[in-house]
1. To the nearest whole number, what is the average tally of beta carbon atoms from other chains within 10 Å of the beta carbons of peptide B:74-80?
2. Please work out the Cα center distance from region B:76-130 to region B:204-230, rounded to the nearest Å.
3. Each residue of region B:67-73 in order: what ³J(HN,Hα) in whole Hz does its phi give by Karplus 6.51 cos²θ - 1.76 cosθ + 1.60, θ = phi - 60°, with x for Gly and Pro?
4. Show me the GluC sites (Glu not before Pro) within region A:31-122 that DSSP assigns to loop and that have at most 11 other Cβ atoms within 10 Å of their Cβ.
5. Calculate one ³J(HN,Hα) per residue across region B:32-40 by plugging θ = phi - 60° into the Karplus curve 6.51 cos²θ - 1.76 cosθ + 1.60, and present them in order as whole Hz with x for glycine and proline.
6. Per DSSP helix of 4 or more residues, -39500 (n - 2.57); summed, then divided by the residues of chain A. What does that give at 222 nm, rounded to the nearest 500?
7. Show which lysines lie in cross-link reach of residue B:148 when reach means a straight Cα distance below 17 angstrom and same-chain residues fewer than eight apart are skipped.
8. Quick check: net charge around residue B:188, other residues with Cβ under 15 Å of its Cβ, Lys/Arg +1 and Asp/Glu -1?
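Computed from the coordinates by the stated procedures, all read-outs in this text should not be read as laboratory data. Because the structure is a prediction, the values reported are computed rather than measured. Using ideal geometry, Cβ is built from the backbone for each residue, glycine included, and neighbour counts are taken over all protein chains shown.
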Amino acid sequence: MIGVLDLQGDVFEHLDHMERLGIAVRPVKQAEDFEGLAGLILPGGESTCLARLLSVFDIDKVIIRKFHEGVKLWGTCAGAILLAKSLTREAPHLGLIDIEVERNGFGSQLDSFASEASIPRLSQTPIPLTFIRAPKILSAGKGVDVLLRMGDFIAAAESPGVLVTIFHPELTPSLAFHRYFARKCGLRPGGEETAIDPSWDKTSWMRLARITPMERRSAEPLAKVLPQEMDHENPEGI
Amino acid sequence: MDAKRYELNVQLAQMLKGGVIMDVTNVEQAKIAEEAGAVAVMALERVPADIRRDGGVARMSDPAMIAEIKKAVSIPVMAKVRIGHFVEAQIIEALKIDYIDESEVLTPADEECHIDKTKFAIPFVCGARNLGEALRRIAEGAAMIRTKGEAGTGNVVEAVRHMRTMNREIRQLVAMPVEEVTGFAKANGIPYELALKVRELGRLPVVNFAAGGIATPADAALMMQLGCDGVFVGSGIFKSATPAVRARAIVKATAYFNDPAKILEASMGLGEAMPGLEISAIPKEQLLAGRGW
């Protein structure tokens, strides 16, 4: 089971991506929700808002404890800011991976952009990348592997327990990073190792966010949306 | 705006989901909002309650003031332009902030046309009272929608009415046989392709926030439970007795909108909320939600 921190941000997008790999997922809002998690995704959103909610509800302490118990962490964009050991203009938050991050590294929304890159360790074919008011990773310390460097900054990196990406794989049709993180958590993601999930589109997350909370819970299961084969008896492939 | 730019703009709104966007009129308020956990600030000279009180023509704010706020915070900055005033929008785009609100809170510059938002690279959020209005704005290039509510009143009743209206119309569309969609779209002034999209998705095809009259943590959670993706709070914070405390409380209640114990905790000891206005006591010509169509 993988959790997605559900305080603010693009939670549904990550839940949808993981379900496409047949991985059991759960939104995580409080300490009880951490039970049985192999990994936790800290999604995109506003890092100042997320940091404030993490600390007032003491969830930051739970994340740090779970990390030391072996739960793997992945931060996308704002999530990467929360996980960094050092920030250029402010005090760090969780400080669980030795990288230095500059917030709003590119400028305003007009500087948001899409790109692609080859990351042989993850995929044979180029991976689409979406940067939304993204931070920049300026440097990585000992014990941190750089997965993707672009010009003067690092876009993706990992340590044994933590993955960080300054872009948003959950906003693209590529499942490569979600597959990679699921494996990092010791899970066995299903589906073919294709670069792109052709059934994904930019509104796919909306099946989890219909107009009322009641409808959100009974949103159409992915099995009906996705024709591809999935092992429902053993969704985590363990 | 090319399709990719539009997609990036819709995606920025996705990042704001579950958050609170706060009206601020100076650097100090912007910092209070950021510290409280706002996901963005709306920079404007006067909050809607003061615009309502002062009367006269309300225009785009001084760009120098918006620029100062942009410099003071790291979260996204939005600013309002008048409905149909595409030159105000060009100015705000040149200022390189993050989002434009084409807003009925300011005095409309054009009573027939909204801004052709497809001509811009900067994203737009627009107000709507019903599904047809929301989809017309999306067809014009809006990347995000908010209910209009009745700004500056501290009274949530109109925001509730607009959200319920949208939801009702979405439910009708979803339940409708496809051959009835043409007539429904025609009657409600909805572009046909977008009506089909809503019918398939069971919701608006972009992020939809609630706005207009939200003044308490309970108001924010109410709008979230009615199915919006996040909330705007205008006058409700800085017209209250204790802005910083109230701002933090509304952020908590929005994040935990489904958890009554947490909303309770957030609602305690906040001091006086902003004074509220009964909608029926406002002269018809002073209602803001009727501006635009």
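1. Details: counts 10, 7, 6, 2, 1, 0, 0.
Across the residues of B:74-80, the mean count of other-chain Cβ atoms within 10 Å is 4.
2. 21
3. 5, 4, 5, 4, 6, 7, 10
4. Working: sites: A:32, A:35, A:46, A:69, A:90, A:100, A:102, A:116; in loops: A:35, A:46, A:69, A:90.
Loop-located and lightly packed - A:35, A:69.
5. Each residue of region B:32-40 in turn: 4, 4, 5, 5, 6, x, 4, 8, 6 Hz.
6. That calculation yields -6000 deg cm²/dmol at 222 nm.
7. List returned: B:80, B:284.
8. Local charge sum for residue B:188: +4.
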